[in-house]
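In what follows, a single structure is set out as structure tokens and then discussed.
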Amino acid sequence: MPANDPAHGPTVERQPRILIVDDQEAVVQTLRRVLARGGYHDVVSTNDPRTAVELFRSVLPDLVLLDLHMPHIDGSAVLKLLTAEIPPESYVPILMLTADATADVKHRALSAGAKDFLAKPFDHSEALLRIRNLLETRSLHLLLGDRNATLETRVEQRTQDVHHAHLETLHRLARTAECRDDDTGEHTRRVGELAAALAERCGCSEETVTAIRHTAALHDIGKVGIPDHVLLKPGPLTTAEMDIMKTHTALGAEILAGGDSVFMQTAERIAASHHERWDGTGYPRGLSGDSIPLEARIVAVADVFDALSHGRPYRLAWTIDAVLAELTAQRNRQFDPAVVDAFLDLHQSLATHGGGLLR
């Protein structure tokens, strides 16, 4: 039969292991002969109930034969100690041995975790049948556990496959946007990493930080729908051109809408709202304050920092001090003040340790 369940170690094919706890050596020897007749030879025994728990832990039996009336610690107390060692999801049967087979004794022992009774003096054939039945149940339980573990492994692998598929979809979408407006892909990569670090500094959960890291790069995915003469214009945009450019938020949200994964839903919120402003003067919906999704508020700061601190064909890069001054000036206006403060704290922390926000 299979060996012990996950609570008792790896499952392998071997003969079942049986632990006998009885203070009478004559009874132990009789049980050993009965077990041997049934082909069960992996047997460990003790006449001292005080060693039962230690033996149980070291032997890891598939079945326990436990005497009810013993000196020092009676079988009822030992039964409670042993059942406490067996996890709820496991099945290690305990067969009680007793000359007192009254209904009250049986009820109390069964309530405490015993699986069956064997009355002393016992019939050898009956004893062997009861032992075999309990071991078969144990074997079936282990077999079911193995199959469940295999199923769980397959489900976990499938979940991982779906997870990786989502990430691949996100990365390919990000590359689509980069082909239009960011030839190297460095801006989107930097915004993703910076937004994730900022989310962590803001106290976001690990799940949220991971989602932002993988989806912030899609904040401008809607630009795939912006005409080249507007998107690639080297100089300032006219009012009409700016109105066209602003539609990239709604376009991005539409492209990403309807996803059932955390990643897609996060990406949609960021694409839709990263140009909203804390004071309500942003676009596309004029959201303000906490009504703007936190992920979008975080990406907005990371996006502006990276855009201003790196040069474009139509302007030079700003100095870090100038960018930080601009972010500070926009607290409570364009940006969530708490996010700006977290950003400044992040910058100071990196600067103190010899790092920096530019990579």
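Put simply, the amide H of PHE335, placed in the peptide plane, has neighbours under 5 Å in TRP278, leaving out anything fewer than 5 places away on its chain. Going by the alpha-carbon gyration tensor, a ≥ b ≥ c the square roots of its eigenvalues, is the range 90-133 rounded (a/c under 1.5) or, if a/c is not under 1.5, prolate (a/b greater than b/c) versus oblate? Oblate. Taking Cα atoms only, the orientation of helix 337-352 departs from the longest principal axis of the chain by about 80 degrees. As a ratio to 2.2 N^0.38 Å, the alpha-carbon radius of gyration computed for the range 209-306 takes the value 1.05.
Out of every Cα-Cα pair in the range 264-320, what percent are more than 13 Å apart?
61
At q = 0.13 Å⁻¹, what is the base-10 log of I(q)/I(0) for the chain according to the Debye formula with one equal point scatterer per Cα and no solvent? Please give it to two decimals. Computed log10 I(q)/I(0) values: -0.91. Rounded to the nearest 10 degrees, the inclination of helix 186-201 to the longest alpha-carbon principal axis of the chain is 60 degrees.
Pick from GLY280, GLY289, GLY235: which is most flexible by mean-square fluctuation in a GNM of the chain where alpha carbon atoms under 10 Å apart are linked? Answer for the Gaussian network model of the chain: GLY235.
Neighbour counts of other C-beta atoms within 10 Å: give me VAL301, VAL155, VAL21 arranged from fewest to most. Spell out each step's value before the answer.
Values: VAL301 25, VAL155 10, VAL21 28.
The most exposed by this proxy come first: VAL155, VAL301, VAL21.
For GLU25, neighbours were defined as the other residues whose beta-carbon sits under 15 Å from its Cβ, and their charges (Lys and Arg +1, Asp and Glu -1) total -1. Taking 25 Å as the straight-line reach from the Cα of LYS115, the lysines in range (excluding those fewer than 8 positions away in the same chain) are LYS80, LYS106. Diffusion coefficient of the range 6-152 by Stokes-Einstein, Kirkwood radius over Cα pairs, 25 °C, 0.890 mPa s: 158 µm²/s.
Radius of gyration over Kirkwood radius for the range 182-352, both on Cα atoms: the Rg/Rh ratio is 0.94.
Compared with the dominant Cα axis of the chain, that is its longest principal axis, helix 320-329 is turned about 90°. Here the contact order of the chain, divided by its residue count and restricted to Cα pairs under 8 Å and six or more residues apart, works out to 10 percent. Each principal axis of the Cα cloud of the range 252-354 was evaluated for its coordinate range; sorted largest first, these ranges are 42, 30, 29 Å.
Arranged from fewest to most other beta-carbon atoms within 10 Å of their beta carbon, ARG189, ARG285, ARG172 become ARG172, ARG285, ARG189.
Our helix-only sum for the chain, with -39,500 (n - 2.57) per DSSP H run of n ≥ 4 divided by its residues, gives a mean residue ellipticity at 222 nm of -18000 deg cm²/dmol. The GNM of the chain, with springs linking C-alpha atoms under 10 angstrom apart, assigns the highest mean-square fluctuation among HIS275, HIS248, HIS72 to HIS72.
Read the figures in this text as sums done on the coordinates, not as results from a lab. What you see is a predicted model, and the numbers here were worked out from it, not measured in a lab. Cβ sites come from the backbone with ideal geometry, for glycine too, and all protein chains shown count toward neighbours.
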